[in-house]
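Here, each number is a calculation from the coordinates, and none is a lab measurement. Just so it is clear, the structure is predicted and the values come from calculations on it, not from any experiment. Methodologically, a virtual Cβ is constructed for each residue, glycine included, from the backbone with ideal geometry; neighbour enumeration extends over all protein chains shown.
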Amino acid sequence: MDLSNLKPAKGSIKNRKRIARGQGSGRGGTATRGHKGAQSRSGYSRKPGFEGGQMPLYRRVPKGGFKNINRKEYHGINLDTLQKLNEEKNISIFDLEVLIQNGLAQKKDLIKILGRGELKSKIEVTAHAFSETAITAIEANGGVATKI
């Protein structure tokens, strides 16, 4: 045995069905598509979610809840993150520009300062919203929390 006479194992390779190649092939005429109807025509594609005429799942299941169009989505930043920045980069005044420059927020974000973590230094923070625990922690160290 060498590379010139390698063959796949007997029975492992099957010829594919060649449909619509004339009556003599046994698969001519309707070309295995049946008679008439949308599925026999070219260009037919079933809608996503179609279940053969049965009421589809997306219509059987009831709609739930609602979307509040007036909801304000805040981007939360915790006190431990501000403390870490204060220690590493010696920043004590946190406004929108500083937060954006350090990758903590995007330009269009509404920022809310949250109270997770321990604050050890005096900082000034300017943001759109604050949690109550964040305000008490900032002011306990002599800092200032300013709402925009």
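With LEU3, LEU104 as the choices, which residue is of a type outside the set (Asp, Glu) and surrounded by 10 or more Cβ atoms within 10 Å (Cβ to Cβ)?
LEU104
Just to be sure before I move on: is ILE77 at negative phi, crowded, with 17+ Cβ neighbours inside 10 Å and touching a Gly at 6+ places or on another chain (Cβ under 6 Å) in the structure I sent?
no
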Starting from residues that are assigned to a strand (DSSP E or B) and over 27 Å from the mean Cα position of the chain (by Cα), keep the ones in segment 110-126 and report whichever is surrounded by the most Cβ atoms within 10 Å (Cβ to Cβ).
VAL125
Condition check for ARG33: of a type outside the set (S, T, N, Q), surrounded by 10 or more Cβ atoms within 10 Å (Cβ to Cβ), closer than 30 Å to ILE19 by Cβ and in contact with a Ser or Thr (Cβ under 7 Å, 6 or more places away or on another chain)
yes
Mind listing whichever residues of segment 127-147 are closer than 18 Å to VAL98 by Cα and surrounded by 15 or more Cβ atoms within 10 Å (Cβ to Cβ)?
ALA127, HIS128, ALA129, PHE130, ILE138, GLY143, ALA145
Which residue is nearest to ASN86 (Cα to Cα), if the candidates are limited to segment 97-148 and must be touching a His at 6+ places or on another chain (Cβ under 9 Å) and among the basic types (Lys, Arg)?
LYS112
Return the only residue of ILE123, ILE138, ILE111, ILE100 being in contact with a helix residue (DSSP H, G or I) (Cβ under 8 Å, 6 or more places away or on another chain) and free of Cβ contacts under 8 Å to residues at least 40 places away in the same chain.
ILE111
Subset of segment 138-148 (residues that are closer than 20 Å to TYR74 by Cα and not in a strand (DSSP E or B)):
ILE138, ILE148
